[in-house]
Every structure is written in C-alpha cells, then in structure tokens.
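Notes to accompany the following structure.
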Amino acid sequence: MPQSQLGSRVDGGMSNGQNRDLLYTDFKQMPATELAPSLADRDKVASHYNSRKDVDVQERSDSEILQLRNLDNWVKSVLISLFTCEGSLVLDFGGGKGGDLKKWSAQKISELVLVDGAINSVVDCLERYNGMLEQNIVEFPLTVISCDIFQKRLSDLLEKDIFFDVVSSQFVIHYAFGKEECVRAMLTNVCERLREDGYFIGTIPDSNVLVRKWRNAPENKHDFGNDNRLIATATITTIVHVITSRTADNHQFSIKKIKNKICFKNKINFIVEIMPSLITYYANVYACQYQPKSTPKTYNNSDVSNPFGIRYYFRLHEAVDCPEYLVHFPTLVRIASEEPFNLELELEMNFHEFFVRYHDKFRDLLYRLKVVEQYEPNSGNDRMPSSASSKDKYNIDANQWEVAYLYKVFAFRKRKSSPNETKIYPTRKTPLPKKLDKKDMIVTED
Ligand SMILES: C[S@@+](CC[C@H](N)C(=O)[O-])C[C@H]1O[C@@H](n2cnc3c(N)ncnc32)[C@H](O)[C@@H]1O
C-alpha cells in the first residue's frame, strides 16, 4: 500500500470483513512483486472468509456438520503426519484462522509460517496462537502474513534463510484456478522456498466427483446437492469440458459381503475390511452407484483446450458460500512438473478412498477427533447400531459422508534439480516462540 494511505482503515477486497477496528498502521507493511493479475472473484472469496467469525468450542460442538468438520480434521491430521517430520519448517498456505495449529504442534515442527488473504482470519490466527502458547499447547514460533498468494510474490515477504520442508494447503488452491497466471503464481509461491525433496500437500474439491454429479443431474439442471437434507449445493455455471482422469475409475467402488463382513473393493483391486461399526453406513452410501449416462453433458476428455475459469458456486452449510473453480487435476500435475516448479505427484486420493486406506492405522485419532465414537462391546450396550442416522454416534451421517466424497487429498514432492547434487540451504536460526502483536503481522502494501 502506498505510504499516503497508511493510517486509513482496512477495507475492501482482501481486507474487507467484520466491522473490526483494523488500521493499516496496525501491521508491518512490506512491498511484494506482482506475479499475476487479480482474479475477478477475489473480493467475493475474501469477504466471505473475512466475515466468518471465529467460533468458540461450544458453538463448534453444536455445529450441524460436526462429523464432517471432524472428518476433515482427521483427513488433514493423517495427511500432515504422513508427510511431516519432527523439526520440519512448515508453510501453511491459505491457513485461515490457524485451524491446523494443534496438528502442527502434534508433529513437533520447528517453526510455522501462515499466510492467508483474509486479514481478519490472520488476526484470529494470531490471537488463537497467543492463547495456545500461554497454555503450552504450541511450542513453535509463528510468522503470520496477509497476502494474496495467487497474485503477490510471497518470497519477498519472507526472511532470506527460510526454506520449507513442507508446504500445506488445505481447501485453498482451487480458488486459483480462475486463470492460468494465478495457478502459476500460486505454484511459484509454493515452490520458491520449498526445499528439494520437500512436500507440497493439500486438500481440494474433487472435480471428477463434482462433474459426475452434475452429469447425473437432469439435462437442463446444473445444480445438485444432498437430496433429503440440504447440506451442500453446487451450481456449475460454465462447464466446458468433462474432467476425467485415473481416479474417475477408482471412484467406482463396489461393496461385497464376504463372510458377513462388508468389504470395500475398488478397481485397483484392494480390499479393506471396514470397521464393524461403520457397516450400516457404508451399505447405505454405496447403495447408489454412479451410472454414467450419455448426454450432451458428456465431453471428450482429450478436448481440454482451456481448463481454467470453470466456475461453480458452492454452498456448504455453515462453512462455504462463494464461487469456486474446478481443478483440472491433470493440468495441475502437468504445470507442477515443469521447471522451475519441479513437483512430482506422489499421492492423489478421494477422501473416501483415503479414509478406507488409513482408518485402521489412524483409528485412535478417529475416536479422539470424535469422527465416530468407539464401540465397546462389553460396555453393557452390546447391540450394534442397526441403521445410520445423524444421531448415531457409531456411524457417520450419510449426508455428511456424501459431502466428504466431494474432496480429495494430494501430495507432490519437489524433485532435485540435479540428481547427483544436494542443494545447500542457509542455516536457519530459529527464533524463540513468542506472543505476537498485530505489529508483528506482515501485510502487503497494495
Ligand atoms: C476453506 S478456507 C481454508 C482455511 C484453512 N486452510 C483450513 O483448512 O481451515 C480457504 C482459505 O483460503 C484463503 N484464500 C482464498 N483465496 C486466497 C488468495 N487469493 N490469497 C490468500 N488466501 C486465499 C481464504 O482466505 C481462506 O482462509
């Protein structure tokens, strides 16, 4: 922001939001290079996230989509633990209000940088961090930055000796898919300070599922959502190409009953035994299988001339209410593999598949995060629940589980630029953890 405007109120665009008394002078102003033009929907997205208030524990536990929130947290926790080591230096890319602070603490990371475009969210994160530090829930130092990560060069705002082991972007990068320049700017910000052999991990909407649901709707209908209790709706307004890839096939699961146990089989042929308490639930959900239809909504996958700007409006009860863009995943993989990004895809899985793959290994976490309650056969209640309902603590509510199907996880690893050479990075002098003031928060001058 130019000096002449210093002291004015934070308003409009990425800084819009609740009526908080934020002044530009409250923050540390820094210039950053423009990497891309801003997206048309940027203000709508920013003001949506800026206006979301930070809810307390009680309000959170009263949420109508509590199981979905808990399941999302379980997925993020598992993903984070798979790719983070003790001592990792981490960038939370689009980290919002710092909802993952505890997850980073559980991994005993050495340091965290959190960046987000919604200035109110970053202030909430700062306050949340201070509270956690006071209660010894977190022990790592934190840097907080407010910046448009699809437009500005993040590297300009970082100390010179910061290089990340992990960049984590949870439910964020689909907002960049309005324009190719923004996707490239996003990848520049992910990669410029990512060490070789470091990981870029995240969660995004699964375009294969969104497009399949859209195609399965009647020909002139472009919105779809949960049938019996509306939790999520998506209206695809500008579909130009169908999005199909390897995972489209993998999602066509089938259920088999083997010796009274419901098993889960997908096309890549692994069979996983489902936790007994989830049997009824799975049976309900997968009773409806996807039946591909040949309608004008079917496009040729090879004809992907412009995979950007495919916009849909997404509403998720209590959580999302703004325009989003489909992520054409093969395009992301292709661009990410180019120089200078050098990212190689290591993992791509729909949330359902991810759950099936990891629920056993991370079963305790499922209980701790209250995704489901632990079924104790000897507790006097030895009757298995017979049907799934939102009240059923042993099962995941079918509507919320259906929403989970709209998302996928990914992980990329940064290739070495020269296979026989190990790049030397500056030695980081990790600062001590300390309570943060708004003056510690870095915001871009614009
Ligand atoms: C669904 S929230 C996810 C927040 C957090 N990662 C989590 O998992 O709780 C999406 C976040 O992306 C941020 N975001 C969207 N577009 C952005 C942009 N252009 N620059 C920076 N942040 C952006 C929003 O402000 C919001 O906090």
Proxy reagent accessibility, fewest Cβ within 10 Å first, across Val333, Val172
Val333, Val172
Long-range amide H contacts for Gly198: which residues qualify at under 5 Å (H placed 1.01 Å from N, peptide plane, sequence gap of 5 or more or a different chain)?
Lys414
What residues qualify as long-range amide H neighbours of Leu89, i.e. H under 5 Å apart, gap of 5 or more or another chain, H built at 1.01 Å from N?
Ser110, Asp165, Val166
Contour excess over end-to-end distance, with Cα ends at Lys439 and Asn216 and 0.36 nm allotted per residue:
75.1 nm
For the range 407-413, Karplus-derived ³J(HN,Hα) couplings (6.51, -1.76, 1.60; θ = phi - 60°; whole Hz; x for glycine and proline) come out as 10, 9, 10, 9, 8, 10, 10
If a/c stays under 1.5 just call it rounded; otherwise compare a/b with b/c (prolate if a/b is bigger, oblate if not). Do that for the range 68-143, with a ≥ b ≥ c from the square roots of the Cα gyration tensor eigenvalues.
rounded
Label Leu345 and Ile137 with points 7 Å out from Cα along Cα→Cβ: what is the distance between them in nm?
3.7 nm
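Just want the ordering: Leu343, Leu432, Leu68, Leu369, from fewest to most Cβ atoms lying within 10 Å of their own Cβ. Before the final figure, lay out the partial values.
On the way: Leu343 23, Leu432 5, Leu68 26, Leu369 19.
The fewest-first ordering by Cβ neighbours comes to Leu432, Leu369, Leu343, Leu68.
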Please work out the Kirkwood hydrodynamic radius for the range 100-203, using every pair of different C-alpha atoms, and report it in angstroms with one decimal place.
14.5 Å
3J(HN,Hα) from dihedral phi, the range 207-216, Karplus parametrisation 6.51/-1.76/1.60, rounded to Hz, x for glycine, proline
5, 4, 6, 4, 5, 5, 5, 5, 5, 6
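Can you figure out the FRET efficiency of Asn420 with Ala40, using R₀ = 35 Å and their beta-carbon distance, to the nearest 0.05?
On the way: r = 46 Å, r/R0 = 1.30.
For R0 = 35 Å, the calculated efficiency reads 0.15.
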What residues qualify as long-range amide H neighbours of Asp206, i.e. H under 5 Å apart, gap of 5 or more or another chain, H built at 1.01 Å from N?
Tyr407, Lys408
Proxy reagent accessibility, fewest Cβ within 10 Å first, across Thr188, Thr444
Thr188, Thr444
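Every number here is computed from the coordinates shown, using simple stated rules; none is lab data. Predicted model, so just to flag it, every value in this text is computed and none were measured. Quick reminder, even Gly has a Cβ in these numbers, built from the backbone with ideal geometry, and neighbours come from all protein chains shown.
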